[in-house]
Structure formats: C-alpha cells, structure tokens
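Colleague: Have a look at this one.
The values are calculated or read from the model by the stated rules, or taken from the named source; none is laboratory data. Note that the structure is a prediction, hence the values are computed from the model and not measured. All Cβ positions, glycine included, derive from the backbone under ideal geometry; neighbour counts span all protein chains shown. Accessible surface is based on the protein model in full, side chains and every heavy atom, while ligands, DNA and RNA are left aside. Shrake-Rupley method; radii C 1.70, N 1.55, O 1.52, S 1.80 Å.
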Amino acid sequence: MPIELIDIAVAERHAHPSLSDRITGKVRAVLSETIDGRDQQHEILVPVWTDRNAAMTDEDVDLALLVKAADIVGRLKQRLAPPQDEA
C-alpha cells in the first residue's frame, strides 16, 4: 500500500521575526502505510511559511499553511512511491 495522508493540522504559527508580512509555522501531518501486512503511522512536522496580506483572516493564514504543507507531503509521497511497471 502506498503512503497515505490521513491527518493534517497546523501545530504552531507565529510572525516572522524580521519580515512583517510573513507567517511561519509547522504543520503536523500523519501518514499511513502498510509494511509486511501491518499498518504503520508516521507523524511528521513540516516547516512552512506564507505571506499575509491585510484581507487575510487567521483561518485564511491557516489554510495557506496547510495547502503549502500538503503540497510538500504530496511531493514526498511521489518520490517515495514504488516505480510503475512500464507497459
């Protein structure tokens, strides 16, 4: 079974120390895979950042951080996927 993302949440976020419009944070992602018939779960923290504009709410910032982390996890899954057999 390939690696699957089963949960994702913002673990922490804070203003960047020197860039006033930047928010940095960490997103907790829980991945699952089956190894030798046993389900294994892996929890990782993904460091992410986003630029905030005046129209963004706190929920918008959280969503931007989650989207960025999900993209990173997607690239990780793609790199770890077993090679596909060529036809």
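Colleague: Across segment 47-66, which residue is modelled with the lowest pLDDT among those that are surrounded by 13 or more Cβ atoms within 10 Å (Cβ to Cβ) and of a type in the set (A, V, I, L, M, F, W, C)?
Modeller: Met56
Colleague: Also, I was wondering about something else. Give me a count of the residues in segment 77-87 that are open to solvent by less than 70 Å² (accessible area, probe 1.4 Å) and part of a helix (DSSP H, G or I).
Modeller: Keep residues of segment 77-87 that are open to solvent by less than 70 Å² (accessible area, probe 1.4 Å), which gives 77, 81.
From the residues that got through so far, the ones that are part of a helix (DSSP H, G or I) too are 77.
Residues in segment 77-87 being open to solvent by less than 70 Å² (accessible area, probe 1.4 Å) and part of a helix (DSSP H, G or I): 1 in total.
Colleague: Sticking with this one: Which of the residues belonging to segment 49-87 are out of contact with any Gly (no Cβ under 6 Å at 6 or more places or on another chain) and closer than 14 Å to Glu12 by Cβ?
Modeller: Within segment 49-87, Trp49, Thr50, Asp58, Val61, Asp62, Leu66, Ala69 qualify.
Colleague: Could I ask something else about it? Report the residue count in segment 59-86 for those that are within 11 Å of the chain's Cα centre (by Cα), within 20 Å of Thr34 (Cβ to Cβ) and among the hydrophobic types (A, V, I, L, M, F, W, C).
Modeller: 2
Colleague: A further question on this structure: With respect to Glu12, determine if the residue is of a type in the set (Asp, Glu), surrounded by 11 or more Cβ atoms within 10 Å (Cβ to Cβ) and in contact (Cβ under 8 Å) with a residue 24 or more places away in the chain. So that I can check it myself, show each step before the final result.
Modeller: Details: of a type in the set (Asp, Glu): yes; surrounded by 11 or more Cβ atoms within 10 Å (Cβ to Cβ): yes; in contact (Cβ under 8 Å) with a residue 24 or more places away in the chain: no.
Criteria not met by Glu12.
Colleague: Only one of Ile6, Ile23, Ile44 is open to solvent by 70 Å² or more (accessible area, probe 1.4 Å), hydrophobic (A, V, I, L, M, F, W, C) and assigned to a strand (DSSP E or B). Can you tell me which? Don't jump to the end; show me each part of the working.
Modeller: Details: Ile23 fails: open to solvent by 70 Å² or more (accessible area, probe 1.4 Å); Ile44 fails: open to solvent by 70 Å² or more (accessible area, probe 1.4 Å).
Answer to the selection: Ile6.
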